[in-house]
Amino acid sequence: MKLAPMNYHYLRYPIKKFLDKVERSPFDSIDLYCSAPQLNIFDYPLSSLLELDRDIRSRGLSIMAMTPENCVYPVNFCTQDRTTRESSIRYYQRAIDTAEFLGCPCIQISTGFGYFDAPREEAWNYCRDSMQQLAAYCDRKKITLFLEELKVTTSNTIITSADLARMLREIDSPWVVGMVDMDQMTYAGETVDDYFGNLGEKLQHVHFNDRGHTVPGDADFPMKEYYDAIVAHNYQGTCSFEICDRRYYCDPDKAIDDIVAWLRANTNELD
């Protein structure tokens with residue numbers, strides 16, 4: 001697997017602190033979480049993008065994937081509200097342009113949601129139509145989208161691996177593939193085998209985190225079991241560590257140290 005840490009838990013710091021830490025770690029690539037003040041996809045000057053590109057390359061790092069802020073106000077490409085839906089498509093279009101500029105081959109994109117008191121198929125159809133527009137743009141830019149499911153408390157469109165597989169079939173684009181997040185997967189009562197069974201070769205990205213998007217080993221998920229199941233499927237895709245819990249904000253460097261320690265104790269990935 002190709003492994004990379006994400007900077008989500010560094011959002012209270014300059015992006016250079018994260019890059020410095022990764023440079024000192026065994027990792028050589030990053031999953032770039034895009035949110036202000038580090039990189040605001042809605043609005044950034046070209047000078048800031050050029051500086052970020054220099055900062056990443058000067059440390060010998062590359063961007064494995066980009067993760068724009070997903071499915072939070074005002075981003076939602078599945079909504080019945082046309083203004084919000086179309087502005088969200090423009091937002092992801094800008095994210096695709098940014099990824100192309102930074103030499104990043106992939107973007108993670110989470111499903112949105114429709115009104116919870118409206119028929120699910122309305123949001124489903126808007127999701128498919130929006131993703132097909134973005135897929136056509138990705139075909140021009142040669143950028144792959146990792147489409148992610150969400151919890152039933154967040155979305156009413158893509159909840160399970162079967163939902164994700166169906167949506168990928170309907171989008172029908174080589175530029176849109178699937179992914180699995182350990183937290184979303186377990187919340188839905190699914191397994192690693194379910195995802196590989198439903199998605200097959202379309203499963204190309206993993207968020208490897210413990211319950212509540214914590215460092216592997218910091219909660220109660222059977223992370224070694226999950227890892228072994230992924231390896232058993234001869235998975236050759238990408239994997240990032242989406243660490244979102246605010247407990248890590250005060251000492252984000254330690255979280256990366258703890259990820260490295262878990263990998264060395266439970267895998268051969270860093271050998």
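What does the net charge come to around Phe77 if you take all other residues with beta carbon closer than 12 Å to its beta carbon, with K and R at +1 and D and E at -1?
My count for the surroundings of Phe77 gives +1.
For the chain, what relative contact order do you get, as a whole percent, if you take Cα pairs closer than 8 Å and at least 6 residues apart?
Normalised by residue count, the contact order of the chain is 18 percent.
With all pairs of different alpha carbon atoms counted, what Kirkwood hydrodynamic radius in Å does segment 117-271 show?
16.7
In a Gaussian network model over the chain where Cα atoms closer than 10 Å are linked, find which of Leu49, Leu11, Leu102 has the largest mean-square fluctuation.
Leu49
Considering only DSSP beta bridges where both residues belong to segment 2-266, give the percentage that are antiparallel (nearest 5).
Bridges in segment 2-266 that DSSP calls antiparallel: roughly 5 percent.
Taking amide H positions as placed in the peptide plane 1.01 Å from N, state which residues far from Val180 in sequence (5 or more) or on other chains have amide H under 5 Å from it.
Amide H neighbours of Val180: His205, Val206, His207.
Set Lys and Arg Cβ to +1 and Asp and Glu Cβ to -1, take the dipole of segment 195-270 about its Cα centre, and tell me which of Ser240, Cys250, Leu199 lies farthest positive.
Leu199
Relative to the present Cα-Cα distance, how much length would full extension add between Glu23 and Ala265 at 0.36 nm per residue of separation?
Here the segment from Glu23 to Ala265 would lengthen by 85.0 nm.
For segment 2-266, with equal point scatterers placed on the C-alpha atoms only and solvent neglected, what are the log10 I(q)/I(0) values from the Debye formula at q = 0.09, 0.11, 0.12, 0.14 1/Å, to two decimals?
Here log10 of I(q) over I(0) equals -0.38, -0.58, -0.70, -0.97.
Among the Cys residues of the chain, which have no other cysteine Cβ under 4.7 angstrom away?
Taking the Cβ cut-off of 4.7 Å, the unpaired cysteines of the chain are Cys34, Cys71, Cys104, Cys106, Cys138, Cys239, Cys244, Cys250.
Can you give me the long-range amide H partners of Ile107? Hydrogens built in the peptide plane at 1.01 Å from N, cutoff under 5 Å, separation of 5 or more residues or another chain.
Result for Ile107 returns Met66, Thr144, Leu145, Phe146.
Which aspartates and glutamates, if any, have their Cα less than 14 Å from the Cα of Lys254, not counting same-chain residues under 8 positions apart?
Asp20, Asp218, Asp245
Charges only on Cβ, +1 for Lys and Arg, -1 for Asp and Glu: so what's the dipole of the chain about the Cα centre, in debye to the nearest 20?
700
Return the calculated 222 nm mean residue ellipticity for the chain, to the nearest 500 deg cm²/dmol, obtained by summing -39500 (n - 2.57) across DSSP H runs with n ≥ 4 and dividing by the residue count.
-13500 deg cm²/dmol
None of the figures in this text is laboratory data; all of them are computed from the coordinates on show. A quick note: this is a predicted structure, and the numbers were derived from the prediction, not measured. All Cβ positions, glycine included, derive from the backbone under ideal geometry; neighbour counts span all protein chains shown.
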